[in-house]
1. Placing +1 on the Cβ of each Lys and Arg and -1 on the Cβ of each Asp and Glu in the chain, which of Gly108, Leu21, Pro128 has its Cα farthest towards the positive end of the resulting dipole?
2. Would you be so kind as to identify all helices of the chain, as entire DSSP H runs, whose Cα atoms reach 15 Å or more along the helix's own axis and whose mean Kyte-Doolittle hydropathy is at least 0.0?
3. Between beta-carbons, use under 13 Å as the cut-off and find the net charge around Ile42, counting Lys and Arg +1, Asp and Glu -1.
4. What shape does region 84-127 take by its C-alpha gyration tensor, where a ≥ b ≥ c are the square roots of the eigenvalues and a/c under 1.5 counts as rounded, a/b above b/c as prolate, and the rest as oblate?
5. Taking the chain as a Gaussian network, where each spring joins two C-alpha atoms under 10 Å apart, which residue of Asp114, Asp41, Asp20 fluctuates the most?
6. Using a 7 Å offset from the Cα along the Cα-to-Cβ direction at both Ala124 and Val59, what is the distance between the two label points in nm, to one decimal?
7. Please check: in the Gaussian network model of the chain (C-alpha springs, under 10 Å), which one of Tyr44, Tyr95, Tyr30 has the largest mean-square fluctuation.
8. Tell me the mean residue ellipticity at 222 nm calculated for the chain from its helices only (DSSP H runs of n ≥ 4, each -39500 (n - 2.57), averaged over every residue, nearest 500).
Amino acid sequence: MAVSERPIGIDELLERVRADLDRVTPQEAYGSAEAGGLLVDIRYAALRERDGLIPGALVVERNELEWRLDPQGSHRAPEATGHDLRVVVICNEGYASSLAAASLRQLGLTRATDLIGGFQAWRAAGLPVTT
């Protein structure tokens, strides 16, 4: 960081990151999955146990996300089929997922985005959840 640059706070960072994402609503995320996109749940285990799972979503802990979704990576998940894959990252309320989606875009997953409002918005929309 240059001496004249000021550090940015998390709110500004989130705003900058989200400006480059085409964030989706719960209904759009559902439609994306129906069309072959990949929903990726990065919530930690306690939240998944408490609130349930989205059927068909790939569960990947946040600290493993880039390794599991990089199509060129040696530790990639079988679902990481290519850089053009539509990926919708889902956290609990839609904050960490924005940063995670931006990180995936840096790896060349240009269609990565996140769910506005996260899992809580998905559930509130009445979309499928398994417990």
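The values are calculated or read from the model by the stated rules, or taken from the named source; none is laboratory data. Quick caveat: nothing in here was measured; it's all calculated off a predicted structure. Positions of Cβ are backbone-derived with ideal geometry, glycine not excepted, and every protein chain shown enters the neighbour counts. Note: areas computed on protein heavy atoms with side chains; ligands, DNA, RNA excluded. Shrake-Rupley method; radii C 1.70, N 1.55, O 1.52, S 1.80 Å.
1. Going by the charge dipole, the pick is Pro128.
2. Numbers: long enough: 96-106 (16 Å, 0.40).
Helix filter hits for the chain: 96-106.
3. Surrounding charge for Ile42 is -2.
4. Working: a/c = 4.40, a/b = 1.95, b/c = 2.26.
Taking the square roots of the gyration eigenvalues as a ≥ b ≥ c, region 84-127 is oblate.
5. Asp20
6. If labels sit at Ala124 and Val59, their model points lie 2.4 nm apart.
7. Of Tyr44, Tyr95, Tyr30, the Gaussian network model singles out Tyr44 as fluctuating most.
8. Taken over the chain, the calculation gives -10000 deg cm²/dmol.
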